[in-house]
Structure formats: structure tokens, C-alpha cells
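J.: Below is a structure I'd like to ask you about.
The values are calculated or read from the model by the stated rules, or taken from the named source; none is laboratory data. Note that the coordinates shown come from a computational prediction; the quantities given were computed from them, not determined experimentally. Cβ placement follows ideal geometry from the backbone for every residue including glycine, while neighbour counts extend to all protein chains displayed. Side chains are part of the model used for accessible areas, which takes the heavy atoms of the whole protein and leaves out ligands, DNA and RNA. Shrake-Rupley method; radii C 1.70, N 1.55, O 1.52, S 1.80 Å.
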Amino acid sequence: MSATSDDGDDHDLPAAEDAALIGAAADSADWDERLKGLPRLLRYAMLVVDGAEHIEERLIAEIEELCPHLSHNAAWATGRSLEAALALAAELDKCAAAQNEPALRSLADSVRLVSLPTPRDDEHFQQHRRVAKALVKAFQVNSLRVEQKVCCDLERFTYGWAALPACTQFLPKKFSAAMNASVLGHRMAEHRITAAKAALRLQLKEEEDRRKKREAEDRTGAVKQDAVPNPELIPDHHLVVARLSEAEMKNIKLKEILGPLKDVINTALPLVEAPPLHEARNVLQSEFPHAVDVIDFALADLVGRTTVRLRPLLIVGEPGGGKSRFARRLGEVLGVSVWRTDGGRSDGAVFEGTDRRWYSADPCHAFLAIAQGRIANPLVLIDEIEKAATRSDYGRLWDTLLGFLEPETCARYPDPALQTNLDLSQVSYIATANRLDPLPSPIRDRFRIVTFPKPTANDLDALLPAVIADLAKERGLDQSWMTPLDGVEREAVAKHWPGGSVRRLRRIVEAVLRERDIRASRN
């Protein structure tokens, strides 16, 4: 790349393949995480937008690192005059041409960006125009790979800078070109922002009108409960899990089965939306400080998802370590209902549902979980899956599970009781196991497996509130009525619980609380 005079055209535009190189040498600088990977010129533009301090000092340090001992850099650092800045930019251009180094050219443009005043008449116009063309080119190349907020700020600054020459009479003279570019860009975007807000208000009003209309139709009976919904009328983040015709709904054999299920058949059920993951992580980490890796492993499945759905997860750990409680709390923190199945007492026939010809016919457990929570994406917890019966008289639970864990089959699961295909594609499955040995390889292949660690004595204070809350719930008390352990009680618990089984910790705390109740009755 060669250096030419400031009144040139094509030399101001870096080639697209060079765009990734621009600013590559600045990776060692203390950049904001949002700005890493951006070209240097756009980074400095964002620092201006953010109102960062010591921008010029940062740039001087970068120049000294990449091209040490430049005389004009020292002069600019000392005087900070516009003449020194433009002389430094010209010197960097010469070095870029001599060394064929695009990074030095980007430094030159960055010096102009932070130093140039707002262009008035023809003064410094060519210098300003050069920076404008470099900004536009860099923004076009990088706009699709930055987060939305950064992209909006860069767009505002870039085109605000480009429009400065035509708007100088409306801008304060005391501000630099960079500051005025940020102000002007904001003004240019005001109409678009106003239009977007108006469109959003209109959309919300239309959605509210549709909701009121649906409620009115429900009240007047205009829409029958057992009518099969029109797919075009299903709201966003809703799913019709089971569809039955009116004739099937009146089937005598289905009468007893459908009793508790009518509200979830031919109905668009909501899909619970994923909460902010950092908030969910903080809640779980406060209760399970020893299982941070497991928490991150589980929540990573929701990154980028709008609604809650976890891929099949198998949590393996020693008995009493809190695996089942963690799985239940994970579902509760994510806002979905949790259906628990005891792996040691379930066989395939029970879990997959029984045929309607039998008097004890029942739908599959996944659909019962949906009916219990009245949502389309509940969490099914299979506790101690390794203890499932190995006899095949009624079908092994392990074999039955395969159909629920496969995305292709679970979206069209043929329920034997309802004798219709169910859409179970949004149901999440979590299993717990004390060991992996008994599980057949097809089951292991379909689960993501994670080891649940044992808590240590250092985790005692974090575990105690949850243990006390569970004991209060068992007694039918509000947690606020059960005061935390005092110092003596806490020391007694710590003395008898060195870590390990949460179940054992629970028994110790229960004994301490029982002793507290006895002392209170005596006094």
C-alpha cells in the first residue's frame, strides 16, 4: 500500500481484505470487551461516543509501541496542537508506505479523528474527507459482526462525521469534529428512532386488541374449547401439543382419560421464555456454590434461545450430594414446571403411556407433565435412572426413553392412550444417576453427561438457608417463621458435618431445630 497526497481518492479506502488487519497491533491495549475485534479507527470512534477519558494518551502510547521514537509523536504528546497532530499523521503515512504496514495508516487516521476540528469552509476538508471514507469502509465491513448496540452507535458516529461539512453552521464551534459527529449522528437518527417507537406502539396495541378479542370470544363461547386451532392463529411462543377432533373428544372410551386433560388438548399452550441467564446463574450459584461448573454446563444450552428447552442432561454423582434438588431448582429458576419420575419404580409401559383399551389407560408421562404445568415446555426429571428395571416384560424404561430423547420422534410421538401424535419437541429431560455402569450405551449417547461434585465444609453457610427453607416447607411453615441458626447451633452443625452428603446435613439441621423447639417449650 503506498502513500499519496491528501487530495487523492482511491488511496483513502482500505481494501476489504485489509480491514481485518486494521488495528491488529492494538490487541494488547486495555480495550473494552465490546470493542475487541473492531478496526482501530472504529474503536477510537466508540471511545469518543462513550465519552472515554485520556483518548489521546492511549493513542500516543499505541504509536510509541508500534512505531517508537517518532519525533512528531513526542511533539504532539508535549503540545497537543493541531499542527503537531497533522504532522504526526503525515509521518505515520510515510512509515506505512515504507514498511507496507496498514496498521500505521490506521494510526494516522485515528490521530486525525481525535484531533481535527469541525471543518469550516475548505479548511482541513481533505483531511476530514479521508477519515470519513475510512470510517464508512470500516463500518460496512464490520457492521454485521458486532452487537446491535455497538452497531447503532458506530452508525450514528460514522454518518454523523460524513455529514459534518454540510452542517457546520448548526454545530457548536467549541467542540471537536469527533464530538460534533456524535451529536449530529444522534440528531440524524432521531426521526428513525421516533418512527421505530411509533411502529412498536402500534404493534403492541394490535397485540393487545387481539388479546382482548380472544378473551371476548372465550367469554361468549364463540370459540369452542374442543375446536382444533387454526395454525395461522397460534400466537408466538405457543404450541399445540395435542389435537383431537370433536368426534374423538366425545369418544366414550376417552371420557375418563380426557377429564383432567381437556384444558391442554386443542389448545395453544405457552412456551415459557428463558429468563436472563446471568440472573438464573446467580440464584443457582448462591444455593449450589460447589456446582458452578454444572450450572454453567446446563445453562449454556439456553444461550441464544428465546424459550426454555434443555437437551437431555444426565447428572451423575454420589448419593446424597443434592443432584435431584439441583435438577428441581434448575427447572424452578427457569420458570418451568417439574414432573418427577422415580426411575427405580417406573417401567416402559408406565412412562410411555398405556393403550386406551385397558381400564388403567394413561397418557405418557411427558404429556402428563404438560397437563400439570399447562405449558408446552415442562421439565421431566427421571430420578436414579440407573435403578430402572432390566426385565422386559412390560418394556424397559431405558428403551422407552429413546423415542422421547430423539428430536425426530418426540415431535410426533404416538400416544397409546389418546391415539394421536403429540408434539413433545419442547419438553426437557434431566436424569440423575449415582453411577453410569448399568446404563446401556444408547442411553449414554443421547444424554449430555455431567458429574455433580460433593459439597465441602466451606459450602456450609451457602447450603444452610436452602436446607432450612425445605424443612420449614415440610412443617407447613413460612420460611420467615423459622429463624436462621445462631452461632452455637451453626458450630454444632459444622462439628458433625465435614462435607459430603446434603441428605446427612439435612438430618443434622433437623436435629438441631428439634432441640431448639424442645428448649423453647421448656422455657
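J.: If I ask for residues that are touching a Leu at 6+ places or on another chain (Cβ under 6 Å), open to solvent by 10 Å² or more (accessible area, probe 1.4 Å) and closer than 15 Å to SER71 by Cβ, which ones from segment 92-143 would you list?
T.: CYS95 - this is the single residue of segment 92-143 that is touching a Leu at 6+ places or on another chain (Cβ under 6 Å), open to solvent by 10 Å² or more (accessible area, probe 1.4 Å) and closer than 15 Å to SER71 by Cβ.
J.: How about segment 98-190: which helices (runs of 4 or more DSSP H) wholly inside it have at least 2 residues that are aromatic (Phe, Trp, Tyr) and in contact with a helix residue (DSSP H, G or I) (Cβ under 7 Å, 6 or more places away or on another chain)? Talk me through it step by step, then tell me what you get.
T.: Values: elements: 102-115, 125-142, 148-162.
Answer list for segment 98-190: 125-142, 148-162.
J.: For segment 266-279, state whether one or more residues are part of a helix (DSSP H, G or I) and within 22 Å of ILE382 (Cβ to Cβ).
T.: Of segment 266-279, the ones part of a helix (DSSP H, G or I) are 277-279.
Filter once more, keeping what is within 22 Å of ILE382 (Cβ to Cβ): none.
No, because not a single residue in segment 266-279 is part of a helix (DSSP H, G or I) and within 22 Å of ILE382 (Cβ to Cβ).
J.: Could you pull out the residue among GLU53, GLU64 that is under 22 Å from GLY185 (Cα atoms) and either open to solvent by 50 Å² or more (accessible area, probe 1.4 Å) or in contact with a strand residue (DSSP E or B) (Cβ under 9 Å, 6 or more places away or on another chain) (or both)?
T.: Numbers: GLU64 fails: under 22 Å from GLY185 (Cα atoms).
Selected residue: GLU53, the only one of GLU53, GLU64 that is under 22 Å from GLY185 (Cα atoms) and either open to solvent by 50 Å² or more (accessible area, probe 1.4 Å) or in contact with a strand residue (DSSP E or B) (Cβ under 9 Å, 6 or more places away or on another chain) (or both).
J.: A follow-up question, please. Can you tell me how many residues within segment 444-465 are assigned to a loop (DSSP other than H, G, I, E, B), under 16 Å from SER501 (Cβ atoms) and open to solvent by less than 80 Å² (accessible area, probe 1.4 Å)? Reasoning before the result, please.
T.: Step one: list which residues in segment 444-465 are assigned to a loop (DSSP other than H, G, I, E, B), which gives 447, 452-455.
If we keep only those that are under 16 Å from SER501 (Cβ atoms) as well, we get 452-455.
Then drop every residue that is not open to solvent by less than 80 Å² (accessible area, probe 1.4 Å), which leaves 452-453, 455.
Total meeting the criteria: 3.
J.: Separate question: Filter segment 323-359 for residues that are charged (D, E, K, R) and part of a helix (DSSP H, G or I); which is surrounded by the fewest Cβ atoms within 10 Å (Cβ to Cβ)?
T.: We begin by selecting, within segment 323-359, every residue charged (D, E, K, R); these are 323, 325, 328-329, 332, 340, 342, 345, 347, 352, 355-357.
Checking the rest, the ones that are also part of a helix (DSSP H, G or I) come to 323, 325, 328-329, 332, 352.
Numbers: LYS323: 27, ARG325: 18, ARG328: 16, ARG329: 17, GLU332: 14, GLU352: 25.
My answer is GLU332.
J.: State whether the residues of segment 246-255 include one that is in contact with a strand residue (DSSP E or B) (Cβ under 8 Å, 6 or more places away or on another chain) and modelled with pLDDT of 80 or more.
T.: Taking every residue of segment 246-255 in turn, none turns out to be in contact with a strand residue (DSSP E or B) (Cβ under 8 Å, 6 or more places away or on another chain) and modelled with pLDDT of 80 or more.
J.: Could you say which residue among ARG507, ARG490, ARG503 is under 24 Å from GLY321 (Cβ atoms), modelled with pLDDT of 85 or more and in a helix (DSSP H, G or I)? Don't jump to the end; show me each part of the working.
T.: Working: ARG490 fails: modelled with pLDDT of 85 or more; ARG503 fails: modelled with pLDDT of 85 or more.
Of the residues listed, the single one that is under 24 Å from GLY321 (Cβ atoms), modelled with pLDDT of 85 or more and in a helix (DSSP H, G or I) is ARG507.
J.: A further question on this structure: Quick check, is GLY320 open to solvent by less than 10 Å² (accessible area, probe 1.4 Å), in a loop (DSSP other than H, G, I, E, B) and over 23 Å from HIS278 (Cβ atoms)? Step through it out loud before you land on a result.
T.: Numbers: open to solvent by less than 10 Å² (accessible area, probe 1.4 Å): yes; in a loop (DSSP other than H, G, I, E, B): yes; over 23 Å from HIS278 (Cβ atoms): yes.
Spelling it out, GLY320 is indeed open to solvent by less than 10 Å² (accessible area, probe 1.4 Å), in a loop (DSSP other than H, G, I, E, B) and over 23 Å from HIS278 (Cβ atoms).
J.: Same structure, new question: From the list ALA177, ALA162, which residue is modelled with pLDDT of 80 or more and open to solvent by less than 40 Å² (accessible area, probe 1.4 Å)?
T.: On the way: ALA162 fails: open to solvent by less than 40 Å² (accessible area, probe 1.4 Å).
After ruling out the rest, the residue left standing is ALA177.
J.: Also, quick follow-up: Could you list, in sequence order, all residues of segment 241-269 that are open to solvent by 50 Å² or more (accessible area, probe 1.4 Å) and in contact with a His (Cβ under 9 Å, 6 or more places away or on another chain)?
T.: Across segment 241-269, there are no qualifying residues.
J.: Just to be sure, is ILE375 at pLDDT 85 or above, of a type in the set (A, V, I, L, M) and assigned to a loop (DSSP other than H, G, I, E, B)?
T.: Details: at pLDDT 85 or above: yes; of a type in the set (A, V, I, L, M): yes; assigned to a loop (DSSP other than H, G, I, E, B): yes.
Spelling it out, ILE375 is indeed at pLDDT 85 or above, of a type in the set (A, V, I, L, M) and assigned to a loop (DSSP other than H, G, I, E, B).
J.: On to the next question. So which residues in segment 301-317 are open to solvent by 60 Å² or more (accessible area, probe 1.4 Å) and of a type outside the set (Lys, Arg)? Give the steps one after another, and end with the answer.
T.: At the first step, the residues of segment 301-317 found to be open to solvent by 60 Å² or more (accessible area, probe 1.4 Å) are 303-306, 311.
Listed by number, the residues that qualify are VAL303, GLY304, THR306.
J.: Sticking with this one: Keeping to segment 478-497, report how many residues are farther than 27 Å from ILE430 by Cβ and either of a type in the set (Asp, Glu) or open to solvent by 80 Å² or more (accessible area, probe 1.4 Å) (or both).
T.: 10
J.: Being touching a residue at least 40 places away in the same chain (Cβ under 8 Å) and either within 26 Å of PHE175 (Cα to Cα) or not in a loop (DSSP other than H, G, I, E, B) (or both) is the filter here, so list the residues in segment 52-81 that pass it.
T.: Initially, segment 52-81 is screened for residues touching a residue at least 40 places away in the same chain (Cβ under 8 Å), giving 55-56, 59, 62-63, 65-67.
Those that are touching a residue at least 40 places away in the same chain (Cβ under 8 Å) and either within 26 Å of PHE175 (Cα to Cα) or not in a loop (DSSP other than H, G, I, E, B) (or both): ILE55, GLU56, LEU59, GLU62, ILE63, GLU65, LEU66.
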